[in-house]
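In what follows, a structure is listed as structure tokens, so that the remarks can point back to it.
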Amino acid sequence: MLGPAVAALIAAFVLRDLFNSIRIRINNSFEQNVIYDMRRDVYAKLQRLPLGYFDQRASGDLMTRVIEDVNSVERILIDGTEQGTVALLSVVGVLTFLFLANA
């Protein structure tokens, strides 16, 4: 009985590492694409603003606002999607295990 349990445990660790590497690749690609698009859109919007808008605001305030807002949205998107996916897959895994154990 110990052999199949050890094999299942090793398979679980291998699958965990495989899925973790896939998750990291997808996250990095998603993150880079989203951040690039957001920064491009913010830059395009700033280019269309009238000059009077920039006269009333300090350049440091504008730069901080642009950088911090994009970074905040980035953290929400990346961490939120990652944690949501992990939670969903955990629920599916537990439900699958419970149904298989009950049968």
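Remarks
- Within the stretch 40-54, considering residues that are of a type outside the set (A, V, I, L, M, F, W, C) and over 29 Å from Arg23 (Cβ atoms), the one most open to solvent (accessible area, probe 1.4 Å): Arg48
- Being of a type outside the set (Lys, Arg), out of contact with any helix residue (DSSP H, G or I) (no Cβ under 6 Å at 6 or more places or on another chain) and on the phi < 0 side of the Ramachandran plot is a description that does not apply to Val42.
- The set of residues from the stretch 55-84 being more than 21 Å from Val34 (Cβ to Cβ), free of Cβ contacts under 8 Å to residues at least 12 places away in the same chain and open to solvent by less than 70 Å² (accessible area, probe 1.4 Å) comprises Ala58, Gly60.
- Helices (runs of 4 or more DSSP H) enclosed by the stretch 1-102 - at least 2 residues per element that are under 25 Å from the mean Cα position of the chain (by Cα): 2-48, 59-102
The values are calculated or read from the model by the stated rules, or taken from the named source; none is laboratory data. Computed from a predicted structure; not experimentally measured. Don't worry about glycine lacking a Cβ; one is built from the backbone with ideal geometry, like all the others, and counts go over all protein chains shown. Surface accessibility is based on the protein's heavy atoms, side chains included, excluding ligands, DNA and RNA. Shrake-Rupley method; radii C 1.70, N 1.55, O 1.52, S 1.80 Å.
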